[in-house]
Amino acid sequence: MKIRPKILIVDDKKENLISLEKLLKHFDVDFIRALSGNEALSLTLKHEFALGIFDVQMPGMDGYETVEFIYEDPDINNFPIVFVSAIFKDEFHIIKGIQKGAVDFISKPIVPEILQGKVKVFLNLYLQKKELEKSNIELKKAREIAEKESYAKSIFLATMSHEIRTPMNGIIGVADMLTNTEMTKSQKELLEIIIVSGSNLMTIINDILDFSKIEAGQIKLENIDFSIHDIIKEIIKLLALKAKDQNTKLSSDIHPEIPDYIKGDPLRLKQTIINLVNNAIKFTKNGTVKIIAEVINIVGENFIIKFSIKDTGIGISKEGAKTIFKSYSQVSSSTSRKYGGTGLGLAISKNLSELMGGKIGVESEETIGSTFWFTTKLEKSTKIKKVEEKHETSEKATKQPQKKLSVLLAEDNLINQKVASANLKRLGHEMDLAENGSIAVEKFKNNKYDVILMDIQMPEMDGITATKKIREIEKTNNSPEIKIIAITANAQKEDRDLCMTAGMNGFLTKPFVADELINALSIK
Ligand code: ADP
């Protein structure tokens, strides 16, 4: 739509208004007339003006006073005002006009070219301002749409991965249970394929979820005490078998200056190292993969620590190295056909290392090998090393025979009910079932259980609400708190926090295997 600017002309003499309009008649504008300062004021509340041309000397409120009112009133859209008068030979009047807020002056008798030239400049400025306003609104709208879409995309991906995780619980849970049954050798091999494929699929689902969360800026880092030594030990234990399959030696070199404890996000750090070590093993047959950790700088209360993952594998060409940190990119499509992968791993590692205050990079030579490295900023910790206490207790917890428990399972999904109940039975526990949160609350009121395993997403009443209700009932009855363990497909920290603030005691992520269930049940 084309904008037709409005000009407010103010003079107590009608003939002056008419002659002004005549002088400006070739402009494509609407003139709005006011015969007094008061009338001008009330018109400024009704219209948006591109320009005002005001007489100074008027009976009642003069031009200066009118302008003062206009500029003081926050409800009036500011617009430039030009004064027309015979008094501007005296500089005093010009200065006064400027102080009141006028932007220009035209002396009477009016020279048409001067008036027209000035009006043209102000109209152009006005039209440019309107254009800018319009494109600003459009840009804002476009940004809002893009933000909404990106948010919707990340929510969609999170929901999808949740939906996929739930049936995966059935697949991995049942496969895990089958390993404890009598089987022929070939059945065992087939089962092994299901388990390995299931766990590969879980990695991909987790990658997609992580990537979408990082993209939507939804990842929050933890800042807790942990040990780099422990993390690297765990990673080597986790990936030793995979390395052995490749006939590759996996080792670590933790430089002596690495402190026993440090503060940061152990899960995200571990995830980044695992990503790189996994790749290194994948692309290295009959060789070596080494994880190196070293302090490269100390800045105030922070250590800058560099992790390098050095392999003697296939290496990467100079061209390939340029793009590998971008999302969905792989060195070549033949690599991905041969080795598999989604091309998300390095993009996630790059984002995570940047979130942790560092950088990522690679030095590589084809057929010789690659060194992927990243740096992180980690806070000094005040925690002091105790000898291996953590491992012992957790191992004890799993090995100790458990007493028979009465468990209430709140779960709506039929397959998950079966997996959990079979597992519980095998462990010698008794189980009662609630198909949704409100049944769980009712059953809790009327029975005595040791533990409630609470699914989060259920029809009618979800697990969070049910937990809050149970905690309320306990408060009013002054009874001790029952142990409630969340079962959820949402593995993120925010979901864990949500469960804990609702009053739950533990957390079991789908898909889970028997050992994880045992650990969760033994939570104090
Ligand atoms: P993918 O899931 O495909 O492995 P990544 O982002 O982890 O995704 O890796 C992207 C690509 O970078 C890989 O497909 C591979 O071509 C290359 N790459 C990554 N790590 C190595 C390595 N250690 N040696 C050789 N090539 C590698």
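The values are calculated or read from the model by the stated rules, or taken from the named source; none is laboratory data. Quick caveat, the model's predicted, so the values are computed rather than measured. All Cβ positions, glycine included, derive from the backbone under ideal geometry; neighbour counts span all protein chains shown. SASA here: full protein model, heavy atoms, side chains in, ligands and nucleic acids out. Shrake-Rupley method; radii C 1.70, N 1.55, O 1.52, S 1.80 Å.
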Checklist entry - Residues in segment 1-22 near a label at ILE137, defined as backbone nitrogen under 18 Å from the 7 Å Cα→Cβ point? => result 1-6
Checklist entry - Which helices pass in the chain if a helix is a full DSSP H run, must span at least 24 angstrom along its long axis by Cα, and must have mean Kyte-Doolittle hydropathy not below -1.0? => result 112-178, 185-215, 228-245
Checklist entry - So what does ARG496 come to for accessible area, using a 1.4 Å probe and Å² rounded to 10? => result 60 Å²
Checklist entry - What is the spread of the Cα atoms of segment 87-224 along each of their three principal axes, largest first, in whole Å? => result 111, 35, 16
Next on the checklist: I'd like the antiparallel share, as a percent to the nearest 5, of DSSP beta bridges with both residues in segment 144-300.
Outcome noted: 35 percent
Checklist entry - Just the C-alpha atoms of segment 399-524: what Rg/Rh do they give, with Rh taken as the Kirkwood radius? => result 0.93
Checklist entry - Between VAL103 and GLU354, what is the FRET efficiency for a Förster distance of 45 Å, r being their Cβ-Cβ separation, to the nearest 0.05? => result 0.40
Item to check | Most to least packed among 169-181, 239-251 [average Cβ atoms within 10 Å] | outcome: 169-181, 239-251
Item to check | Largest-first principal axis extents of the Cα set of segment 452-522 (Å) | outcome: 36, 26, 21
Checklist outcome for this item: Hydrodynamic radius by Kirkwood for segment 268-309, inverse mean 1/r across distinct Cα pairs, in Å, is 11.7 Å
Item to check | With all protein chains modelled, accessible area of MET160 [1.4 Å, Å²] | outcome: 80 Å²
Item to check | Under 11 Å from the ASP450 label point (7 Å along Cα→beta-carbon), backbone N, segment 487-524 | outcome: 521-523
Item to check | Accessible surface of the chain [probe 1.4 Å, protein heavy atoms]: carbon and sulfur percent | outcome: 56 percent
Next on the checklist: Quick check: Cα centre of segment 446-483 to Cα centre of segment 208-270, how many Å?
Outcome noted: 35 Å
Checklist entry - On alpha-carbon atoms, Rg over Rh for segment 1-140 using Kirkwood Rh? => result 0.96
Next on the checklist: Quick check: with the 1.4 Å probe, what order do LYS350, LYS140 take by accessible area, largest first?
Outcome noted: LYS140, LYS350
Next on the checklist: Looking only at the chain, where both bridge partners belong to it, what percent of the DSSP beta bridges are antiparallel (to the nearest 5)?
Outcome noted: 40 percent
Item to check | Whole-number Å³ per residue for the convex hull built on Cα positions in segment 1-76 | outcome: 80 Å³
Next on the checklist: Please compute the alpha carbon radius of gyration of segment 169-246, then divide it by the globular-protein estimate 2.2 N^0.38 Å. Two decimals is fine.
Outcome noted: 1.49
Checklist entry - Quick one: if the Förster radius is 22 Å, what FRET efficiency do ILE18 and ILE87 give, using the C-beta to C-beta distance and rounding to 0.05? => result 0.50
Next on the checklist: Once ligands and nucleic acids are excluded and a 1.4 Å probe is used, how much of THR382 is accessible, expressed in Å² to the nearest 10?
Outcome noted: 130 Å²
Checklist outcome for this item: Sequence order, segment 253-263: Karplus ³J(HN,Hα) from phi using 6.51 cos²θ - 1.76 cosθ + 1.60, θ = phi - 60°, Hz rounded, Gly and Pro as x, gives 9, 9, 5, x, 7, 5, x, 4, 10, 8, 10
Checklist entry - How much length, in nm to one decimal, is gained on full extension between LYS326 and ILE145, taken as 0.36 nm per residue of separation minus their Cα-Cα distance? => result 62.7 nm
Checklist outcome for this item: Honestly segment 410-459 on the Cα gyration tensor test (a ≥ b ≥ c root eigenvalues; a/c under 1.5 rounded, otherwise a/b vs b/c for prolate or oblate) is just oblate
Checklist entry - At GLU379 and GLU163, where each label point lies 7 Å from the Cα along Cα→Cβ, what is the point-to-point distance in nanometres? => result 4.0 nm
Next on the checklist: Please list log₁₀ I(q)/I(0) at q = 0.08, 0.09, 0.13 Å⁻¹ for the chain, using the Debye equation with identical point scatterers on the alpha-carbon positions.
Outcome noted: -0.71, -0.78, -1.29
Checklist entry - How do THR371, THR159 stack up against each other in accessible area, from largest to smallest, with a 1.4 angstrom probe? => result THR159, THR371
